[in-house]
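A short write-up of the structure that comes next.
The values are calculated or read from the model by the stated rules, or taken from the named source; none is laboratory data. Just so it is clear, the model here is predicted, and its values are computed rather than measured. Note: ideal-geometry Cβ built from the backbone for every residue, glycine included; neighbour counts use all protein chains shown. With ligands, DNA and RNA removed, areas are computed over all heavy atoms of the protein, side chains included. Shrake-Rupley method; radii C 1.70, N 1.55, O 1.52, S 1.80 Å.
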Amino acid sequence: MRTARTLPSVLSALLIVMVVAAGCSNGGNASSETTELRLGYLPNLTHAAAIAGVEKGLFAGELGADISLKTSTFNAGPAAVEALLSGAVDAVYLGPSPAINAFSKSKGAVHIISGATAGGAALVVKRSINSATDLKGKRIATPQLGNTQDVALRTWLKANGFKTNAQGGGDVKVVPQENAQTLQTFQTGDIDGAWVPEPWSTRLVEEGGGKVLFDERNAWPAGQFATTVLVVRTAFERDHPDAVTRLLKGHIAATDFVNTNVAEAQMTVNAGIEKLTGKKLSSDIITKAWKSLTFTNNPIESSLTTGAAHASDLDLLDKVDLKGITELRPLNEILVGASRPAVPTP
């Protein structure tokens, strides 16, 4: 009888303990749940804001404890686009041509949410080459077929009367190569030049003995053209708007840092590049390359439209309506909220 009377009490007590434990466990999971933001970028000076934002903890500081940052790096924009469209990354720093391609392929499933860098690309050639005419039959490298510099080179060659094709044939042989490989092949004489972003254009001059045949700034009104923009998947933007806002705050902080603390920023970015590539740039290289770069939150949308038209003319991109490619409202809300000028929108 004693056992019969106490058994229900014991069971009740156990049930209460289990319920309380389950409640604590659920509550603990709820409070410890984090959103993962996967961010991609390239180890180039044109991605200085991204590198500095990671190295200085500026992204992590804005994201807070409830949003974890996971980073990935890529050798060229098209590879980063593949990762973005497959859902392997949520946001990525890209050149405008890959960003446009991603927008076109995904039928608007990505947005440019900020600019990052303008300028910083050039055609560097052997010293024996003195004009565009001298390029006939030569081998010129770009980072990857369809990337921003590849489109720029092919467009410039076309304007100078040369034909090229995606297979590397034509009047001038356009060779897709990783930037580090391009420096080596230029030094060995296997290529005659390259249209590359910083710091590679400066390295081809200083370490490869080349010369700048054409600075891309000369092809654009007031020398302004987007080189790097920040792109996000719209699905991530929809599901995690606060994470995107915090990412933008980190990006703005990183852009401010590289603009206002030049010497420290150069060292920080250089250290980041060394981590990613295994090789540090000389202080002379980074100082010279930095001068051709403008770090800005403005994606310079007019250059995006022109770039898309160029890629289409080269049959590297179907004609695409770029309406909606930028979503600058969150960026401008942050800027205006901080009493700063908003980025102009079309």
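Gly324 passes all but one of (1) assigned to a helix (DSSP H, G or I); (2) of a type in the set (Gly, Ala, Ser); (3) in contact with a Gly (Cβ under 7 Å, 6 or more places away or on another chain); which number fails?
Checking Gly324 against (1) assigned to a helix (DSSP H, G or I); (2) of a type in the set (Gly, Ala, Ser); (3) in contact with a Gly (Cβ under 7 Å, 6 or more places away or on another chain), the one that fails is (1).
Please find, within the range 99-117, the residue that is modelled with the lowest pLDDT out of those that are open to solvent by less than 10 Å² (accessible area, probe 1.4 Å) and within 18 Å of Leu248 (Cα to Cα). Let's see the steps before the verdict.
Here is the first cut: in the range 99-117, the ones open to solvent by less than 10 Å² (accessible area, probe 1.4 Å) are 99-100, 102, 110, 112-117.
Imposing the further condition that a residue be within 18 Å of Leu248 (Cα to Cα) reduces the set to 99, 110, 112-117.
Working: Ala99: 93, Val110: 96, Ile112: 97, Ile113: 97, Ser114: 98, Gly115: 97, Ala116: 97, Thr117: 96.
Filtering first and then ranking leaves Ala99.
So, Leu183, is that one out of contact with any helix residue (DSSP H, G or I) (no Cβ under 7 Å at 6 or more places or on another chain), closer than 30 Å to Ser282 by Cβ and among the aliphatic types (A, V, I, L, M) or not? Full working, then the answer.
Details: out of contact with any helix residue (DSSP H, G or I) (no Cβ under 7 Å at 6 or more places or on another chain): no; closer than 30 Å to Ser282 by Cβ: yes; among the aliphatic types (A, V, I, L, M): yes.
So Leu183 does not fit the description; no.
Six or more apart or on different chains, Cβ under 9 Å: which pairs go from a residue in the range 67-87 that's under 21 Å from His240 (Cα atoms) and of a type in the set (Gly, Ala, Ser) to one that's open to solvent by 40 Å² or more (accessible area, probe 1.4 Å) and part of a helix (DSSP H, G or I)? Could you list them?
Ser68/Ala60
Six or more apart or on different chains, Cβ under 6 Å: which pairs go from a residue in the range 134-150 that's among the aliphatic types (A, V, I, L, M) to one that's assigned to a strand (DSSP E or B)? Could you list them?
Here the result reads Ile140/Val174; Ile140/Gly193; Ala141/Val175; Ala141/Ala194; Leu145/Pro176, each pair linking the range 134-150 to a residue that is assigned to a strand (DSSP E or B).
Could you list, in sequence order, the residues of the range 59-105 that are of a type in the set (S, T, N, Q) and assigned to a strand (DSSP E or B)?
If we filter the range 59-105 for residues that are of a type in the set (S, T, N, Q), which is where we start, we get 68, 71-73, 75, 86, 97, 101, 104.
Ser68, Thr71, Ser72, Thr73, listed by residue number.
Out of all the residues in the range 278-298, which are open to solvent by 30 Å² or more (accessible area, probe 1.4 Å) and either in contact with a Pro (Cβ under 9 Å, 6 or more places away or on another chain) or not in a loop (DSSP other than H, G, I, E, B) (or both)?
Ser283, Asp284, Thr287, Lys288, Thr294, Asn298
May I ask you to list pairs of residues, at least six apart or on different chains, whose Cβ atoms are under 6 Å apart, with the first in the range 173-196 being in a helix (DSSP H, G or I) and the second being open to solvent by less than 20 Å² (accessible area, probe 1.4 Å) and not hydroxyl-bearing (Ser, Thr, Tyr)?
Final answer for the pair search is Asn179/Pro143; Asn179/Val196; Thr182/Ala141; Thr182/Ala194; Leu183/Arg203; Thr185/Ile191; Phe186/Leu204.
Just to be sure before I move on: is Leu230 in contact with a Pro (Cβ under 7 Å, 6 or more places away or on another chain), at pLDDT 95 or above and open to solvent by less than 10 Å² (accessible area, probe 1.4 Å) in the structure I sent? Break it down stepwise before answering.
Working: in contact with a Pro (Cβ under 7 Å, 6 or more places away or on another chain): no; at pLDDT 95 or above: yes; open to solvent by less than 10 Å² (accessible area, probe 1.4 Å): yes.
Spelling it out, it is not the case that Leu230 is in contact with a Pro (Cβ under 7 Å, 6 or more places away or on another chain), at pLDDT 95 or above and open to solvent by less than 10 Å² (accessible area, probe 1.4 Å).
Among (1) surrounded by fewer than 18 Cβ atoms within 10 Å (Cβ to Cβ); (2) more than 18 Å from Asn75 (Cα to Cα), which single condition is Gln181 missing?
Just one mismatch for Gln181, condition (2).
Take the residues in the range 74-97 that are surrounded by 24 or more Cβ atoms within 10 Å (Cβ to Cβ) and of a type in the set (Gly, Ala, Ser), then tell me which one is modelled with the lowest pLDDT.
Only one residue fits best here, namely Ala76.
Can you name the number of the only condition in (1) out of contact with any His (no Cβ under 6 Å at 6 or more places or on another chain); (2) touching a residue at least 60 places away in the same chain (Cβ under 8 Å); (3) among the hydroxyl-bearing types (Ser, Thr, Tyr) that Thr234 fails?
Unmet condition: (1).
When the residues of the range 120-144 are filtered to those that are surrounded by 24 or more Cβ atoms within 10 Å (Cβ to Cβ) and at pLDDT below 95, which remaining residue is farthest from Pro341 (Cα to Cα)?
Pro143
Can you name every residue in the range 106-131 that is in a loop (DSSP other than H, G, I, E, B) and farther than 26 Å from Asn259 by Cβ?
Kept after step one, since they are in a loop (DSSP other than H, G, I, E, B), are these residues of the range 106-131: 106-109, 120, 126-131.
Those that are in a loop (DSSP other than H, G, I, E, B) and farther than 26 Å from Asn259 by Cβ: Ser106, Lys107, Gly108, Ala109, Lys126, Arg127, Ser128, Ile129, Asn130, Ser131.
Out of the range 317-343, which residues are open to solvent by 80 Å² or more (accessible area, probe 1.4 Å), modelled with pLDDT of 90 or more and not small (Gly, Ala, Ser)? Spell out the reasoning first.
Taking the range 317-343 and keeping what is open to solvent by 80 Å² or more (accessible area, probe 1.4 Å), we get 318-319, 321, 323, 329, 333, 336, 339-341.
Filter once more, so that each one left must be modelled with pLDDT of 90 or more: 323, 329, 333, 336, 339-341.
Selection gives Lys323, Arg329, Glu333, Val336, Arg340, Pro341.
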